[in-house]
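**Q** Sharing a structure, written as structure tokens. Questions coming.
The values are calculated or read from the model by the stated rules, or taken from the named source; none is laboratory data. Everything numeric in this text was worked out from a predicted model, so none of it was measured. Ideal geometry is used to build each Cβ from the backbone, glycine not excepted, and the neighbour counts take in all protein chains shown.
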């Protein structure tokens, strides 16, 4: 959700936010508008799981408290690049971490044997087949 103090500012912020790579994460506006942030904005953001971004708008303390209670992220900045950076942080947090499987070597079960210590345990004897440094 994005709101700004003027239409020109709203368009400038949208232009700044349009540079995110769309193949990594897609930015979708659930609502854009001109004017002050409201409790209705917070309620809608809570229902949709959205973040509220405000440019050149100072949210009232009551609104900040309502956002905290609703567990809605509220970012209001007077400088466009600070707002764009805040949005970038939100988007990067939404990107799932990449995992990569790396094989460093392989083992072969050479023999299975039982050890009698305090409890009876089964152990496998392993033999190294390959190793990659």
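**Q** Checking the condition surrounded by 10 or more Cβ atoms within 10 Å (Cβ to Cβ) and within 16 Å of the chain's Cα centre (by Cα), which residue from 50, 66 passes?
**A** Being surrounded by 10 or more Cβ atoms within 10 Å (Cβ to Cβ) and within 16 Å of the chain's Cα centre (by Cα) holds for just one of 50, 66, which is 50.
**Q** Taking the residues in the stretch 7-22 that are touching a strand residue (DSSP E or B) at 6+ places or on another chain (Cβ under 8 Å) and free of Cβ contacts under 8 Å to residues at least 40 places away in the same chain as candidates, determine which candidate is surrounded by the fewest Cβ atoms within 10 Å (Cβ to Cβ).
**A** 7
For (1) in contact with a strand residue (DSSP E or B) (Cβ under 8 Å, 6 or more places away or on another chain); (2) in contact (Cβ under 8 Å) with a residue 60 or more places away in the chain, each residue gets a yes or a no:
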site	(1), (2)
41	yes, no
50	no, no
64	yes, no
72	yes, no
84	no, yes
87	yes, yes
94	no, yes
111	yes, no
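**Q** Related question: How about the stretch 23-39: which of its residues are touching a residue at least 40 places away in the same chain (Cβ under 8 Å) and under 23 Å from residue 11 (Cβ atoms)?
**A** 25, 27
**Q** Given the conditions (1) closer than 20 Å to residue 10 by Cβ; (2) touching a strand residue (DSSP E or B) at 6+ places or on another chain (Cβ under 9 Å), which single one is not true for residue 68?
**A** In the conditions (1) closer than 20 Å to residue 10 by Cβ; (2) touching a strand residue (DSSP E or B) at 6+ places or on another chain (Cβ under 9 Å), residue 68 misses (1) alone.
**Q** I need a count of the residues in the stretch 1-31 that are closer than 16 Å to residue 94 by Cα and modelled with pLDDT under 90.
**A** Going through the stretch 1-31 one residue at a time, the tally reaches 10.
This table checks each residue for (1) surrounded by 15 or more Cβ atoms within 10 Å (Cβ to Cβ); (2) under 20 Å from residue 16 (Cα atoms); (3) in contact with a helix residue (DSSP H, G or I) (Cβ under 7 Å, 6 or more places away or on another chain).
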site	(1), (2), (3)
75	yes, yes, yes
80	yes, yes, yes
83	yes, yes, yes
89	no, yes, no
95	no, yes, no
104	no, no, no
109	no, no, no
